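Q: Could you have a look at this structure, given as structure tokens, before my questions?
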Ligand SMILES: Nc1ncnc2c1ncn2[C@@H]1O[C@H](COP(=O)(O)OP(=O)(O)OP(=O)(O)O)[C@@H](O)[C@H]1O
Ligand SMILES: [Mg+2]
């Protein structure tokens with residue numbers, strides 16, 4: 001199986017509220033239709049979810065109405081995307097809220113079977129960053145980035161990728177860093193910045209931290225620009241794109 005996350009920065013206008021990029025979704029659906037292997041798709045929620053999560057401080061407290069509108073917004077984006085994917089191949093929504101219970105921000109229980117059955121039947125499961133019930137905190141945010149590492153550690157995937165809105169992890173000069181290893185990461189603490197959008201899940205640094213967990217288990221992964229036409233196809237074919245995260 002190939003695990004691919006498409007960033008919320010790619011399929012939404014991230015500095016607005018609830019603005020989906022339909023044209024990008026259509027182009028991505030076409031690129032994904034070239035797939036030769038089973039695919040598990042995860043997407044970020046960008047302007048569907050981050051603004052609400054921030055407004056209600058869902059990272060730090062339980063807030064019932066906030067939880068509900070955030071989940072609803074994230075699901076809305078998921079359905080828009082899945083409807084477009086279905087013009088090209090069978091794809092089905094699986095919402096983390098329905099199948100995950102967290103404890104202190106970490107996934108405690110997950111009902112995996114729906115993913116496995118979908119994959120077995122040639123259907124692409126499409127899940128996303130979401131807010132879920134948390135046994136300690138009431139609610140917590142499970143980012144798309146976190147789902148990538150969780151699934152990758154559970155499924156032994158053939159390839160793992162995160163498509164975002166920049167060419168990869170960039171250094172101080174704005175150039176793409178070709179390779180990051182746990183050792184190299186220690187020297188890279190100063191290259192991360194915040195973009196000033198609503199992002200509540202750590203942006204680029206959060207991604208790298210999740211992917212380093214995979215590197216330590218010998219699973220390499222790629223962070224690349226999914227706004228650049230052709231990059232998703234290249235990734236699916238196994239070509240090198242963007243920054244590779246691997247073990248030393
Ligand atoms: N060193 C860095 N190199 C590249 N991008 C960086 C760096 N430091 C911070 N960033 C920011 O991280 C952003 C990408 O992360 P972000 O979480 O916004 O995207 P995403 O994961 O695609 O969206 P979402 O979280 O909605 O799924 C870039 O657009 C950039 O603003
Ligand atoms: Mg993000």
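Read-outs: derived from the displayed coordinates by stated rules, not from any lab. Please read these numbers as outputs of a predicted model, since none were measured by experiment. No Cβ is skipped: glycine too gets one built from the backbone with ideal geometry, and neighbour counts run over all protein chains shown.
Q: How big is the C-alpha Rg of the stretch 85-169 next to the rule-of-thumb value 2.2 N^0.38 Å, as a ratio?
A: For the stretch 85-169, the normalised Cα radius of gyration comes out at 1.17.
Q: Given an 8 Å cut-off on Cα distances and at least 6 residues of separation, report the relative contact order of the stretch 114-248 as a percent.
A: Rounded, it is 28 percent for the stretch 114-248.
Q: Please check: in the Gaussian network model of the chain (C-alpha springs, under 10 Å), which one of 14, 30, 136 has the largest mean-square fluctuation.
A: Checking each option, the largest mean-square fluctuation is seen for 136.
Q: Here's something else I'd like to know. Can you compute the FRET efficiency between residue 61 and residue 112 using 1/(1 + (r/R0)^6), with r the Cβ-Cβ distance and R0 = 35 Å? Round to the nearest 0.05.
A: 0.75
Q: While we're on this one: Size of the stretch 163-222 along its principal axes in angstrom, Cα-based, largest extent first?
A: 33, 25, 20
Q: With N denoting the number of residues in the stretch 108-248, provide Rg(C-alpha) divided by 2.2 N^0.38 Å, to two decimal places.
A: The value comes to 1.09.
Q: Oh, and also: What is the percent of Cα-Cα separations in the stretch 19-141 that go past 22 Å? Let's see the in-between values first.
A: Details: 2799 of 7503 pairs.
When all Cα pairs of the stretch 19-141 are counted, 37 percent exceed 22 Å.
Q: Can you give the helix-only mean residue ellipticity at 222 nm for the chain, where every DSSP H stretch with n ≥ 4 adds -39500 (n - 2.57) and the sum goes over all residues, rounded to the nearest 500 deg cm²/dmol?
A: -10500 deg cm²/dmol
Q: Another question about this same structure. Return a whole-number percent for the relative contact order of the chain, with Cα pairs under 8 Å and 6 or more residues apart as the contact set. Let's see the in-between values first.
A: Working: 514 pairs, mean separation 58.2, N = 248.
The normalised contact order for the chain reaches 23 percent.
Q: Now for a different question. Averaged across orientations, what area in nm² does the convex hull of the alpha carbons in the stretch 191-236 project?
A: Reported value for the Cα convex hull: 4.3 nm².
Q: Additional query: Of all DSSP beta bridges in the chain, what percent run antiparallel (nearest 5)?
A: In the chain, approximately 35 percent of DSSP beta bridges are antiparallel ones.
Q: At what distance in nm do the modelled label points of residue 247 and residue 16 sit from each other, each positioned 7 Å from its Cα along Cα→Cβ?
A: 4.5 nm
Q: Moving on to the next point. How high is the relative contact order of the stretch 1-120, given as a whole-number percent (alpha carbon pairs under 8 Å, six or more residues apart)? Mind showing how you got there, number by number?
A: Working: 137 pairs, mean separation 28.1, N = 120.
In percent, rounded to a whole number, it is 23.
Q: Still on this structure, please answer the following. Determine, for each peptide in 37-50, 180-193, 138-151, 56-69, the mean count of other beta carbons within 10 angstrom over its residues, then list the peptides with the highest first. Write down the numbers at each step before the final one.
A: Values: 37-50: 25.3, 180-193: 12.8, 138-151: 23.1, 56-69: 15.7.
For the peptides 37-50, 180-193, 138-151, 56-69, the packing ranking is 37-50, 138-151, 56-69, 180-193.
Q: When all alpha-carbon pairs of the stretch 19-75 are counted, what percent fall beyond 20 Å?
A: 42 percent
Q: Hey, how much of the P(r) for the chain falls beyond 23 Å, as a percent of Cα pairs? Could the numbers behind the result be given before it?
A: Working: 14135 of 30628 pairs.
Pairs farther apart than 23 Å: 46 percent.
Q: While we're on this one: So how much slack lies between residue 137 and residue 80, counting 0.36 nm per residue of separation and subtracting their Cα-Cα distance, in nm?
A: 17.5 nm
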